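I have placed the structure first, in the form of structure tokens, so that the comments after it can refer back to it.
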Amino acid sequence: KRKVSYGLLNAVSTATKSAVKGMVANTIDLDKSQVELSKVTELSGKSMEEFTDKAFEAGRMVAKTGKEMIDASTEFSKSGFGDDPKMALNLAKIATMYQNIADEEISAGDASNFIVSQLKVFGSELSEVYGDAEGQATHVVDAVNEVANTFAVSSGDIAGNLGKASAAAHNAGMSYEQLIGVMTGMTEINRNAGKSARANYCLYVQ
């Protein structure tokens, strides 16, 4: 009986230590994220605490951690799309919602960077219809999601291709929506060509 008791005590002790280590690691990671955010905003002390509370609350709404919300907010603030902490957090919500609907797993930072890249290129055009950065970001994500749901192309394919071609396409007078259409068409053509080549190869080897 004593051996069983000691075993139970040891298991409880080990679990407790692991839990404490996890809490410490999470706290350290959160501190790092707050430091990075403080570098690009005027948040500190009480204002940082209040922002962190709001970040965790926002995270619960979109099934993300408070740290992810802070990291996303930092990316927008770095790029000049979050001088107002409230706007930065609202943009972070949009970025994390994009994470949730994306066909591939992406980080909060990558989601934010994709949106930022499109706002920098097409922002002046999109602002005429969709208003401020929050409205523009929502349209960027909605457009990618709608195309991914309609055609045989993933949101990752669209985002990757947009990131590579957006600046050149915009300089050529192409709109954001037109560029998505072209990228989608090219992806489908390449995919169908690949399927045709594989089919021909299978017939050849038979």
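The values are calculated or read from the model by the stated rules, or taken from the named source; none is laboratory data. Only a predicted model underlies this, so the values are computations on that prediction, with no experimental measurement involved. Heads up, the Cβs are rebuilt from the backbone with ideal geometry, glycines too, and the neighbour counts pull from every protein chain shown. Accessible surface areas use protein heavy atoms only, side chains included; no ligands, DNA or RNA. Shrake-Rupley method; radii C 1.70, N 1.55, O 1.52, S 1.80 Å.
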Do we find that Phe81 is in contact with a Leu (Cβ under 8 Å, 6 or more places away or on another chain), open to solvent by 10 Å² or more (accessible area, probe 1.4 Å), in contact (Cβ under 8 Å) with a residue 24 or more places away in the chain and not charged (D, E, K, R) in this structure? yes
For Met97: the one exception among (1) touching a residue at least 40 places away in the same chain (Cβ under 8 Å); (2) under 22 Å from Ala168 (Cβ atoms); (3) of a type outside the set (S, T, N, Q); (4) open to solvent by 20 Å² or more (accessible area, probe 1.4 Å): (2)
Report every pair of residues separated by at least 6 positions or lying on different chains whose Cβ atoms are under 8 Å apart, first residue within the stretch 57-68 and closer than 15 Å to Asp31 by Cβ, second open to solvent by 50 Å² or more (accessible area, probe 1.4 Å) and of a type in the set (A, V, I, L, M, F, W, C). Thr65/Phe56; Gly66/Phe56
Being open to solvent by 40 Å² or more (accessible area, probe 1.4 Å), assigned to a helix (DSSP H, G or I) and either at pLDDT below 90 or over 23 Å from Glu188 (Cα atoms) (or both) is the filter here; which residues of the stretch 120-144 pass it? Lys120, Ser124, Glu125, Ser127, Glu128, Val129, Tyr130, Glu134, Thr138
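Filter the stretch 56-89 down to the residues that are of a type in the set (Asp, Glu) and touching a Gly at 6+ places or on another chain (Cβ under 7 Å) and list them by number. Before you say what the answer is, go through the steps one by one.
Looking only at the stretch 56-89, we keep the residues that are of a type in the set (Asp, Glu), and these are 57, 68, 71, 75, 83-84.
Listed by number, the residues that qualify are Glu68, Asp71, Glu75.
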Which of the numbered conditions does Ala167 fail, given that it passes all the others? Conditions: (1) open to solvent by less than 50 Å² (accessible area, probe 1.4 Å); (2) of a type in the set (A, V, I, L, M); (3) assigned to a helix (DSSP H, G or I). (1)
Restricting the stretch 103-119 to residues that are open to solvent by 20 Å² or more (accessible area, probe 1.4 Å) and either in contact with a Ser or Thr (Cβ under 7 Å, 6 or more places away or on another chain) or not in a helix (DSSP H, G or I) (or both), the residue that is modelled with the highest pLDDT: Ser117
Pick from the stretch 60-78, criterion open to solvent by less than 10 Å² (accessible area, probe 1.4 Å) and either aromatic (Phe, Trp, Tyr) or over 28 Å from Val121 (Cα atoms) (or both), ranking: farthest from the chain's Cα centre (by Cα): Gly66
